[in-house]
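Asks: Following this message is one structure expressed as structure tokens.
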Amino acid sequence: MTEHRAGPLAGLKVVELAGLGPAPFAAMFLADQGADVVRVERAGAGFAMPIDPRFDTLQRGKRMLSLDLKSADGLAAALELVEHADVLIEGYRPGVTERLGLGPDACLARNPRLVYGRMTGWGQNGPLAQRAGHDPTYQALVGSLHAIGRAGGPPQLPLSLVGDFGGGAMYLVSGILAALWERERSGKGQVVDAAIVDGVAHLMANPFSMLAGGAWNDERGTNLIDSGAPFVDVYRTSDDRYVAVAALEPPFYAQLLAGLRLDGDETLPGQWDRRRWRELRDRFAAAFATRTRDEWSEVFAGSDACVAPVLSMSEAPANEHLVARGTFLEREGCPEPAPAPRFSRTPSGFPAAPPVAPEDDPAQILSAWSAMSLPGR
């Protein structure tokens, strides 16, 4: 792996204690932006995901080190890495790293400037802190799962984007970056407690404020942006595919009607006549069912009607706009998301491939780290 890393976080040294889901994604995000991330695998544990390690995108741009953390030598090696690191990321249940000898107290004693990032579902304290959980259970408790789905139907699972990666990983990243910024003034590290329940609740700030203000019904599928409105929804096309519609503003709504050839139809219910929204939805559904998805894409090309084809994961990387922006990159003939966001002066490079086998000599990593420096170190 090349020692030169591009991006605004070049020079940042990160230790990731191997886990699943949001913690590895947070570490991948830091690696995408130039940080040197060392993922510490427990000796003999193997790879966490049952996929070919060449395509385990969450591990891209990282080094991988195998250590027996239950042995004195393995723990000593891990603590030596911690001594030279800027950030540590762990995603275990509360108390696990303490029992390993790698808890916050031990690590901050060794390196007072360390930012210690903890990723859990329930948080480090509270009645559920020691309980098992996964993305849907965290969302269930904070109201987001209840709010997602069709009127009269059950809650729908929004992949793991809302919980694990949105409310979890990205809040851990935000907390780490905030702590690093504060460290530049205080010279001291600290612990970042990122809990998925906290992050998802924070993401729900707008719906909760609308609920408090009387602008949101606590019944899914009945609101303006949750499929309750016929002009913010998805519609089936004649080829059994779908288009997404989000024509809220009157100028956009007018262009939607024009594309559907419903403008000027005096029998059409008004946009904001909630009593006739079901009728309006039926009219839209009937119109969209007359053409294929791609034909509707042509109809609304260049329009501000806020209509887009619903692309599959296999189709998305070939979309003209995404190709122009380089939203996806290709590795060994397979697409994967490119680093985001973009930086004008310190752009991220092409992420190094995921390691296919762990290293077993921390001395090589420490040697490379000794040549790296950040301001104030």
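Asks: Give the lysines whose C-alpha is closer than 26 Å to that of LYS70, dropping any in the same chain fewer than 8 places away, or say none.
Replies: In chain and number order, the partners are LYS13, LYS62.
Asks: Starting from the Cα of LYS188, draw a straight line to each of the aspartates and glutamates and keep only those under 14 Å, dropping any in the same chain fewer than 8 residues away.
Replies: Straight-distance partners of LYS188: GLU83, ASP86, ASP105.
Asks: Can you tell me the dipole magnitude for the chain around its Cα centre, using point charges on the Cβ only (Lys, Arg +1; Asp, Glu -1), in Debye to the nearest 20?
Replies: Working: 36 positive and 46 negative charges, 128 e Å.
Its charge dipole is roughly 620 debye.
Asks: Additional query: How about region 58-140: which trypsin sites (Lys or Arg not before Pro) there lie in a loop by DSSP and see at most 15 other Cβ atoms within 10 Å?
Replies: LYS70, ARG131
Asks: Go through 166-179, 15-28 and give me the packing order, highest mean Cβ count within 10 Å leading.
Replies: 15-28, 166-179
Asks: Toward the positive end of the charge dipole of region 232-311, about the Cα centre and with charges on Cβ (Lys, Arg +1; Asp, Glu -1), which of LEU280, VAL245, PRO309 goes farthest?
Replies: So the residue furthest toward the plus end is LEU280.
Asks: Where both residues lie in the chain, what percent of DSSP beta bridges are antiparallel, nearest 5?
Replies: 30 percent
Asks: In percent, how large is the relative contact order of region 232-311, given Cα pairs closer than 8 Å and 6 or more residues apart?
Replies: 47 percent
Asks: Quick check on packing: order 284-292, 101-109, 261-269 by the mean number of other C-beta atoms within 10 Å, highest mean leading.
Replies: 101-109, 284-292, 261-269
Asks: Please give the net charge around GLY221, taking every other residue with its beta carbon less than 11 angstrom from that of GLY221, where Lys and Arg add +1 and Asp and Glu add -1.
Replies: Overall, the nearby charge balance is -1.
Asks: Of ALA254, GLY270, THR290, whose Cα points farthest to the positive end of the dipole of region 232-311 (charges on the beta-carbon: +1 Lys, Arg; -1 Asp, Glu; origin at the Cα centre)?
Replies: GLY270
Asks: Ranking request for peptides 143-150, 364-371, 36-43: highest mean number of other beta-carbon atoms within 10 Å first, then the rest in descending order.
Replies: Result, highest mean Cβ count within 10 Å first: 36-43, 143-150, 364-371.
Asks: Relative contact order for region 99-164: what is it in percent, counting Cα pairs under 8 Å that are at least 6 residues apart?
Replies: This gives 20 percent for region 99-164.
Asks: With viscosity set to 1.567 mPa s and temperature to 4 °C, compute the Stokes-Einstein D of region 232-311, Rh being the Kirkwood radius across alpha carbon pairs; µm²/s, no decimals. Numbers along the way, then the final one.
Replies: Values: Rh = 12.5 Å.
Estimated via Stokes-Einstein, D reaches 103 µm²/s.
Asks: Grab the DSSP H runs of the chain that are 4 residues or longer, score each as -39,500 (n - 2.57), total them, divide by all residues and round the 222 nm result to the nearest 500 deg cm²/dmol.
Replies: Working: 14 runs with 125 residues, N = 377.
The per-residue figure over the chain is -9500 deg cm²/dmol.
Asks: Work out the FRET efficiency for ALA205 and PHE343 from their Cβ-Cβ distance, taking R0 = 30 Å, and round it to the nearest 0.05.
Replies: 0.65
Asks: Can you match semi-axes √(5λ) of the Cα gyration tensor in Å to one of these, (1) 45, 32, 21; (2) 32, 27, 20; (3) 46, 24, 18, based on a calculation from the structure here?
Replies: (3)
Coordinate-derived values only; no laboratory data. From a predicted model like this one, the values you see are computed outputs, not experimental measurements. A quick note on method: Cβ atoms are made from the backbone with ideal geometry, for glycine too, and the neighbour counts reach across all protein chains shown.
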